[in-house]
Each structure stands twice: as structure tokens, then as C-alpha cells.
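The values are calculated or read from the model by the stated rules, or taken from the named source; none is laboratory data. Quantities reported herein were computed from a predicted structural model and do not represent experimental measurements. FYI the Cβ positions are ideal-geometry reconstructions off the backbone, even for glycines, and counts take in every protein chain you see. These accessible areas exclude ligands, DNA and RNA; they are computed on the full protein's heavy atoms, side chains included. Shrake-Rupley method; radii C 1.70, N 1.55, O 1.52, S 1.80 Å.
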Amino acid sequence: MNNAYTSPIPVTKTHIGHALTSEWTKIKSVRSTMWTLGIFLVLVIGIGLLVAAQTEPRDYVDVPFTIPAFFGLVLGQICLITLGVLVTSSEYGTGMIRTTFTASPQRHRVLAAKFLIFFAIAFVFSAVSIFLVGSATESMNSGPEAADIAWTGTVFKGALYVSLLGVLALAAGSMLRHSAGAITAMLGVVLVPAILPAFLMISESTKALGEKMMDYNAPNSLAKIFAIDSETGGNGTSQLWLLIVVTAVAVAGAFALLEKRDV
């Protein structure tokens, strides 16, 4: 047809890169991202440096220099959990998710982009903050009394652990679609296993369960990764694998529910 209309706007096939660009634009444009990540850095680096200033070279005879970062991460992980929930639940709360799915009907692509962008941001911020604390601690406490223990592995594993907690929170936010409910649920996941063992270990019948819960709760998992108690052994690898499995199941559930439910 000679009179057929031809759009001057170039038409290209959409792909995951477009979804990644969209999610990156959204996550860097909202104030909650800057606030939560800013507080995260203040907690991890600030508390880490305060702890490092109170230590001596002999304190690092058999432990890595990244230990001070652990104390900030115990609190800082709450910031990543909160941000993970808000990345998806805030769009449901405001109704903007309808616009997002109208622009990108491939819902799985949108959710995958959210997971990838959030994980990349969380991992980079976590790794950088742990590395800075480790470097500062090493410079303040280096000497013949301190052992030369490699600590770059704790940077990777510690950052990966708290980032996966944030991804788990994002999956919870996608499934629950309610910010307060998802944040509360995630706080329960982090805090209840840390408190409940004290009651379970009172009875002999539940003592074994309490000991397992004690070993695998979030604070103790981070403690093992950072070798807080080197005498008990373990490097947090089994705890990290458990979190990977739990997060993978939650992510799969988020994708499954996304396709089955209306907006």
C-alpha cells in the first residue's frame, strides 16, 4: 500500500537490557534508595572504624582484619532488607506497577531485572564497605603481633550473604505486595531464629533443633563468615549455601505467583 503510514520512530525488539535500564533508572531516582544505602554505609563503615580503633595488633593473631565490619553488618543488613522489599512493593503500593507491566508485558523480564539490579547494587556497596573497613583496620593494627591472615574471602562471602538477604526480601515483597508486611516478615526471618534457640535449648527434646537454629541464624552465620570465634571452626560456607537455597526457592515462588495473579 502506497499510503501506508511509516513511523519515524525506529522500532526495535525489546530485550532484558531495556528492562535493566528501566529498573536502574527507577532505583536510583527514589529517595529511599539513597537513604537506605547511605545509612548502610554509615553503619558498616562507621561502626567498623569505631571498633577497629578500640583494638590492638595482638587481637588479630588468628582472625582477619575484617572482623570490625561484622558489627556494622549486623545492623546494616536491615537496611538492605528494607530496600529489597521497597524495590518491588512500593510500586504495588503506588499503583505504578500497572504502568510498568503495560510498558513491559513480559512480567518475568521486569522481575528478573529488579533482582539483577538490586543484587548488583547491594553486593557492590557491601563489598566496598567491608573492604574499606578491612583496609583501615589493617593499616591501624599492622605489626609483628598481628598475623598476616588473608581476609579478601570474607569480603566476598560477607557481601554475598547480606546481598542474598536483600534478594530474599525483594522476593518476599513481590509475593506479599505490601511493604510493612514484607519487612515484618523478613525481620522475623532474621530475628526469630536468633532469639528462639534460647527457649528451645531449655528442653532436651528440642535442644538439637535449637542448636541447629543457633548455628544457621543470620547473625551467627555472619559471625562464622568473619571468623569471630575461630575455636568453633567453620567458615560459614554451609550457612551461605543454605541461604542460597532458601533465596532460590523464594525467587522461584515470586516468579510463579507473578504470572498467576492479576496486578
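The figures follow:
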quantity: C-alpha center-to-center spacing [the stretch 172-225, the stretch 41-113] in angstrom; calculated: 18
quantity: Ranked order, Lys212, Lys13, Lys26 - accessible area, probe 1.4 Å, largest first; calculated: Lys13, Lys212, Lys26
quantity: Accessible surface of the stretch 16-262, 1.4 Å probe, proportion on carbon and sulfur as whole %; calculated: 69
quantity: Candidate lysines for bridging to Lys28, where Cα separation is under 18 Å - those fewer than 8 sequence places away on the same chain excluded; calculated: Lys114
quantity: Label point distance in nm, Ser238-Glu145, each placed 7 Å from Cα along Cα→Cβ; calculated: 3.5
quantity: Spatially proximal lysines relative to Lys207 (Cα-Cα < 24 Å; intrachain offsets below 8 disregarded); calculated: Lys224
quantity: Per residue, in Å², the accessible surface of the stretch 16-262 once ligands and nucleic acids are set aside, probe 1.4 Å; calculated: 48
quantity: Point-to-point label distance, Ser90-Thr55, nm (Cα→Cβ direction, 7 Å offset); calculated: 3.4
quantity: Among Gly38, Gly173, Gly46, residue whose mean-square fluctuation peaks in a GNM of the chain (springs only between Cα atoms under 10 Å); calculated: Gly38
quantity: About the Cα centre, charge dipole magnitude for the stretch 16-262 (Lys/Arg +1, Asp/Glu -1 at Cβ), debye; calculated: 1320
